[in-house]
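Read through the structure below, which is laid out as structure tokens, and then see the notes.
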Amino acid sequence: MKKYVVSALLALAGVITVKAQTELSYYLPPQVKYDPTIPTPQSVIGHEVGEWHVTHDKLVSYMMALDKASDRITLEVTGYTHEARPLLLLTITAPKHHQNIEAIRTQHLQLGDPSKSASLDVKSMPAVFYLGCSIHGNEASGANAGLVMAYHLAAAQGSEIEKYLENTIILFDPSFNPDGLQRFSAWVNSRKSKLVSADPNDTEHNEAWPGGRFNHYWFDLNRDWLVAQHPESQARAKQFQAWRPNLLTDHHEQGTNATFFFMPGVPSRVNPLTPDKNQELTKKMGEYHAKALDQIGSLYFTQEGYDDFYYGKGSTFPDVQGSIGILFEQASSRGHAQESDNGVLRFPFTVRNHFVTMLSSLKAINEMREEVLTYQRDFFKTASVEAAKDPVKAYLIGSKDKARVYEFAEMALRQKVDVYKTTSNQTINGKTFDKESSFLIPMNQTQYKLIRGMFDRQLKFKDSIFYDISSWTLPLAYGLDYEEIKATPSLGEKITEAKLPTGKIIGTGDYAYAIEPYGYYTSRAMYKLLDKKVRVKVATEVFHANGKTFDRGSLMIPIDNQLLTPDQIQVLIKEITEKDGLDVYAVGTGLDYTGVSLGSSSFEAARKPVIAILVDDGISPTDAGELWHLLDTRFQIPVTLIPINIFNRTSLEKYNTIIFPEGSHSDISDKAKEKLKGWVQEGGVLIGFERALNWFTANNFGKFDVKKDEEAKDKSPAKAKPYADMGNAYRAQQTSGAIFEAEADLTHPLFYGYTSSKIAMFKGNNIFIQKANGAYSNPLVYGNTPLLSGYITKPNLDKLKNSSVVGTAAMGGGRVIGFTENLAFRAFWFGTNKILMNAIFLGPMISSQASR
């Protein structure tokens, strides 16, 4: 009797006793025999699958052991993460295919070439299956299921597995996000009790900020497939494009109280560029997953919640390239066991669900092999016909800033988009395209559909709800000039590798150096100089030198009266031309009768920024990570990531710039608020984004007044609507991510270096601030027709019209600068990065008369 009382008390306390380990047989199909010479996961990693969360180093060790033991497997290190962890890809197939793998790959790619694909016999070709795990590091059941799947593929015996390996090339990535997986596994393993606690309040189930979901810089890698700004994504893109698989599966986790999801998603939320046949095949594969889950009694759902719209996600990225992407979402135990609405959710159970759907995917692609191969051939054949009929024959892209053109070309080349140089300078619709900083992307090529996925603007939608963003038009994101070319263009040299153009030193003067403000890496160059204690001045008026006009924001570096010698300064200048891609002008005189002379007081001394970014609970990890990544990797400016609890008690004297990323900032103490006010008044620059503006206003750091809803004139009760529609009606009011045009005052320091007053802004919130009353206080505003691409409700669009994007406030000798939008979105919104860098470097120069 005492035994049962103790058991009941343990259950009431949320503590469960689980077996010391779950045997490998729990996962494996019972009828299959396994080769005893192939090592089991436990024999290499030291524990059974599901007993502990596998760490990435142990995962790598096991994959290497399988590579050594099995002639079915070839392992390749495809790259390294930010934290120098290896990215693995295992090619798993019949041993004879390994002897001829390059020929198989080359033949498979011919499915994308209509001039060759018709002669291919798909009946004799293997299908290509890309299986990937746990792109969100704290959704670890996928990677742990990968241990079982890899063992099964290496060790299973019998006619079924032999047939599957004969008919399939499996590209297996056991961990899409090694850094996140390692962070999460360390958290849950170090907090696991011997008597596992299933209580959701237990520390094991509540990760510290920022959590294991993200990569090193706190990016969601499952939004990076298309633009591939991170090494993990670049390695994946290279392998995807090298093979162009027929099927890609992406294994995730969702909320603990859910069950199991598999594609297709919501039918009305499919990108219009995705063929209907893609969704038909996805549904047909779904029947395999349902049968597999039925056999083990697992609950599941489909065609709810998730969608196939944004091509930057792993399960949608393949859909515009003749492949089929499948998302799997398993309810998460977020540790080893957790209470849920469906009973105690044990980690081994979550692993098994992923494993059986890995098997069902393998079965599906084998039994549908000819169908998916034919579909891929037909996809590219149809795309070729559509390209021929498309009135747009090419896109011409360019900019005065060569670096952003280079970045765009590099992104496009990663995805096997053909890019060409132009043959001459051109002016179209008032835009000048210099052949030295312009490229052509013809539509008549294999990646026609993907190019449209990069360039298309969309204003009409079947649905008003989006799992992710509703628009991402990439030339707008990169801030480039671009034009549709309606006649077949004359193509110059084909670009095979994008290289950042090197600058040069122009002129022989020894009075000063001058640098134009347009270059993306101008701020990086400025920091290099300031860090070496070189005096740098910023032009706030136009000046002329060497027969050239220098706009506001240009840099002027006097050669005389510097701490460094002229020769030492020249070494730095040469480095800037080579590494930052900037032309530098050697000026011989300071005299300028048509503008301002170089000794004018309109040149303001730049100060070296010493930056702190606020982090921790209440702040968006992705927004903070985007800022950190931008400054650390692109501009090579050191930053301090300062947790709020440290911010509350530490001195701020060593910093001159503090950034508040998107978030509530609710844990900042009253004492810290007063300290911060004093810091700003002493000359500090405080920069905030999105909801930080609410905090600024509430705590008297300026007036960033939010636009209010106009009171309805009709006070009668609202029209009755079905209760069942309430959730979707609320979600439809969210602006998940769209593109809007704002008008900038190019004479304002925040917009030095921009050549067009029209700037494409990404907006992913419902924050709208009123225009300030001052004549000089609204340097960036939305007009009457701001929507460029994407979805926004009419009420929100009405509030957005004629609202401000940025406001500044003077407090003593310092400045507060607030932005309604994210200026560093997902590392690919290059077009607004310069606004942020101007705020950091030129913020102190903003006149107090321009305050809100």
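Each residue of the range 835-852 was assigned a 3J(HN,Hα) from its phi angle through the Karplus curve 6.51 cos²θ - 1.76 cosθ + 1.60 (θ = phi - 60°); the sequence is 4, 4, 5, 5, 4, 5, 8, 10, x, x, 7, 5, 5, 5, 6, 8, 6, 6 Hz, with glycine and proline shown as x.
Rg over Rh for the range 708-848 works out to 1.04, both radii taken from alpha-carbon positions and Rh defined as the Kirkwood radius.
What would the Debye formula give as log10 I(q)/I(0) at q = 0.09, 0.13, 0.15 Å⁻¹ for the alpha-carbon point model of the range 266-398, no solvent? With one equal scatterer per Cα and no solvent, log10 I(q)/I(0) is -0.36, -0.67, -0.83. Shape index of the range 765-852: Rg/Rh, with Rg the Cα radius of gyration and Rh the Kirkwood radius from the inverse mean 1/r over Cα pairs, equals 0.99.
Note on K677: lysines with a C-alpha under 18 Å away, same-chain residues under 8 apart excluded, are K654, K703. Using 0.36 nm per residue and subtracting the Cα-Cα separation, the extra length available between W209 and V385 on full extension is 58.4 nm. Going 7 Å from the Cα of V392 toward and past its Cβ, which residues in the range 268-301 have a backbone nitrogen under 13 Å from where you end up? The answer is 273, whose backbone nitrogens lie closer than 13 Å to the label point. Extending 7 Å from Cα along the Cβ direction at D71 and again at E280 yields two label points whose distance is 4.2 nm.
Per atom type, the range 716-852 shows carbon and sulfur on 52% of its accessible surface, probed at 1.4 Å. Based on the Kirkwood radius over alpha-carbon pairs, what is the Stokes-Einstein translational diffusion coefficient of the range 334-381 at 4 °C with 1.567 mPa s viscosity, in µm²/s? Stokes-Einstein gives a translational diffusion coefficient of 97 µm²/s. Debye-formula intensities of the range 149-247, expressed as log10 I(q)/I(0) at q = 0.12, 0.14, 0.15 Å⁻¹, are -0.63, -0.78, -0.84 (one equal scatterer per alpha-carbon, no solvent).
The string of couplings for the range 673-684 from the Karplus curve (6.51, -1.76, 1.60, θ = phi - 60°) is 4, 5, 4, 5, 4, x, 4, 4, 4, 7, x, x Hz, one whole number per residue in order, with x for Gly and Pro. Relative to the Cα centre, the charge distribution of the chain, modelled as +1 at Lys and Arg Cβ and -1 at Asp and Glu Cβ, gives a dipole magnitude of about 660 debye.
Computed FRET efficiency, Cβ-Cβ of T37 and S159, R0 30 Å: what is it to the nearest 0.05? Computed FRET efficiency for T37 and S159 comes out at 0.95.
Rolling a 1.4 Å probe over the protein heavy atoms leaves V806 with an accessible area of roughly 0 Å².
Sum -39500 (n - 2.57) across every DSSP H segment of at least 4 residues in the chain, then divide by the residue count to get the 222 nm mean residue ellipticity, nearest 500.
Calculated at 222 nm, the ellipticity per residue is -9000 deg cm²/dmol.
With only the Cα atoms considered, the range 503-543 has a convex hull volume of 104 Å³ per residue.
Per-residue SASA remark: F261, around 0 Å² accessible (1.4 Å probe; ligands, DNA and RNA not included).
With the simple spin-label model, which puts each label point 7 Å out from Cα in the Cβ direction, the Q458 to S756 separation comes to 2.3 nm.
On the beta carbon distance between E493 and K671, with R0 = 51 Å, the FRET formula returns roughly 0.25. In terms of its Cα atoms, the range 592-747 spans 69, 49, 32 Å along the principal axes, sorted from long to short. You can think of it this way: the chain between N700 and S600 has 32.4 nm of extra reach, that is 0.36 nm per residue less the Cα-Cα gap.
Sorted from longest to shortest, the spans of the Cα atoms of the range 410-522 along the three principal axes equal 63, 33, 30 Å.
For the set S464, S666, S233, solvent exposure ranked by accessible area (probe 1.4 Å, protein chains only) runs largest to smallest as S666, S464, S233. Using a probe of 1.4 angstrom, how much of the accessible area of the range 412-477 is carbon and sulfur, in percent? That share works out to 41 percent. Three semi-axes describe the equivalent ellipsoid of the range 247-318; taken as square roots of 5 times the Cα gyration tensor eigenvalues and ordered largest first, they are 21, 14, 11 Å. Hydrodynamic estimate: the Kirkwood radius of the range 41-90 over Cα pairs, inserted into Stokes-Einstein at 10 °C and 1.306 mPa s, corresponds to D of 136 µm²/s. Computing the accessible area with a 1.4 Å probe over protein heavy atoms, can you report the carbon and sulfur percentage for the range 43-124? The computed percentage sits at 49.
Rounded to the nearest 20 debye, the dipole size of the range 165-314 about its Cα centre is 240 debye, using +1 on the Cβ of Lys and Arg and -1 on the Cβ of Asp and Glu. Ligands, DNA and RNA excluded, the heavy atoms of W628 present near 40 Å² of accessible surface to a 1.4 Å solvent probe. With protein chains left intact and a 1.4 Å probe, residues in the chain average 40 Å² of accessible area per residue.
For q values of 0.16, 0.21, 0.22 Å⁻¹, compute log₁₀ I(q)/I(0) with the Debye formula on a Cα-only model of the range 46-175, without solvent. For the range 46-175, the Cα-only Debye profile gives -0.85, -1.25, -1.32. Under 5 Å between amide hydrogens, built in the peptide plane, is the criterion, and for V584 it picks out K504, I505, I506 among residues at least 5 positions away or on other chains. The local environment of M845, defined by Cβ-Cβ distances under 14 Å, has a net charge of +2 under the rule Lys, Arg +1 and Asp, Glu -1. With N as its number of residues, the range 330-439 has a Cα radius of gyration that, divided by 2.2 N^0.38 Å, comes to 1.89. Normalised by residue count, the chain yields a Cα convex hull volume of 198 Å³ per residue.
On the beta carbon distance between L273 and V344, with R0 = 45 Å, the FRET formula returns roughly 0.55. For the pair E367 and Q562 in one chain, pulling the backbone fully straight at 0.36 nm per residue adds 62.8 nm over the alpha carbon distance.
The values are calculated or read from the model by the stated rules, or taken from the named source; none is laboratory data. Computed from a prediction, not measured in an experiment: that's the story for all the values here. FYI the Cβ positions are ideal-geometry reconstructions off the backbone, even for glycines, and counts take in every protein chain you see. Surface areas here come from the heavy atoms of the whole protein model, side chains and all, with no ligands, DNA or RNA. Shrake-Rupley method; radii C 1.70, N 1.55, O 1.52, S 1.80 Å.
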